[in-house]
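**Student:** Got a structure for you, written out below as structure tokens; questions coming shortly.
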Amino acid sequence: MAWRDAGASGDRITLEDVRFWGQHGMTREEQVVGAWFSVDAALSLDLGPAALSDDLRATVDYGVLVQRIVEIGTKQRVNLLERLASLIADALLGETPAAEVRVRVRKLTPPLEGLVGTPGVEITRRR
């Protein structure tokens, strides 16, 4: 994922390829059979305090971010990747001190006959 400048400091926390099984989609087969999803996320925030202190309390715990992404992706079924990406981005922005959050969601194994490629969306949210 090509990330653009993260603001004044340029600092960001990134997560790539967070995977979960979900039943998101418009077709009955997508809703019943389900598919693997992959999420990439980038949170723009000042990481200077954590770099100086070496203290987890001075940053955002990426383990918590992964748990939150998986929770959102597995607890509520949605029709559109746009909705899923928005739910994740809004939660990460609202629950962290990040100034900007970028989220990419891809459906890795859609049960759609004839589909070639990996469908996905990318959403950016800012304060």
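**Student:** How many nm is it between the label spots at Val64 and Arg19, if each spot is 7 Å from the Cα in line with the beta carbon?
**Tutor:** Placing both labels 7 Å along Cα→Cβ, they lie 2.7 nm apart.
**Student:** Further, regarding this structure: Between Glu113 and Arg127, 0.36 nm times their residue separation minus their Cα-Cα distance comes to what? Don't skip to the end; give the middle numbers.
**Tutor:** On the way: separation 14, 0.36 × 14 = 5.04 nm, distance 4.02 nm.
Here the answer is 1.0 nm.
**Student:** Given the -39500 (n - 2.57) contribution per DSSP H run of 4+ residues, what per-residue ellipticity at 222 nm results for the chain, rounded to the nearest 500 deg cm²/dmol?
**Tutor:** Value at 222 nm, helices only: -9000 deg cm²/dmol.
**Student:** Related question: For the stretch 64-71, take each phi angle, set θ = phi - 60°, evaluate the Karplus expression 6.51 cos²θ - 1.76 cosθ + 1.60, and give the result in whole Hz per residue in order, putting x for glycine and proline.
**Tutor:** 5, 4, 4, 4, 5, 4, 5, 4
**Student:** Per-residue HN-Hα couplings for the stretch 34-40, Karplus 6.51 cos²θ - 1.76 cosθ + 1.60 at θ = phi - 60°, whole Hz, x for Gly and Pro?
**Tutor:** Each residue's phi maps through the Karplus curve to give x, 7, 7, 10, 10, 10, 10 Hz.
**Student:** For a quick size check, give me the Cα extents of the chain along its three principal axes, largest first, whole Å.
**Tutor:** That gives 52, 26, 21 Å along the principal axes, largest extent first.
**Student:** So for the pair Ala51, Lys75, with labels modelled 7 Å out along Cα→Cβ, what separation do we get in nm?
**Tutor:** Taking the two extended label points, one gets 3.4 nm.
**Student:** Enumerate by residue number the GluC sites (Glu not before Pro) in the stretch 26-127 meeting two conditions: DSSP loop (anything except H, G, I, E, B), and at most 12 other Cβ atoms within 10 Å of the site's Cβ. Please list the in-between numbers first.
**Tutor:** Details: sites: Glu29, Glu30, Glu71, Glu82, Glu95, Glu100, Glu113, Glu122; in loops: Glu113.
Passing sites in the stretch 26-127 are Glu113.
**Student:** Considering the dipole of the chain built from charges on the beta carbon (Lys and Arg +1, Asp and Glu -1) around the Cα centre, which of Leu87, Ile69, Leu112 is farthest to its positive end?
**Tutor:** Going by the charge dipole, the pick is Leu112.
Rule-based calculations on the coordinates, nothing more; no lab input. Fair warning: this is a prediction, and the values are worked out from it, not measured in the lab. Every residue, glycine as well, gets a Cβ built from its backbone with ideal geometry; the counts of neighbours run over all protein chains shown.
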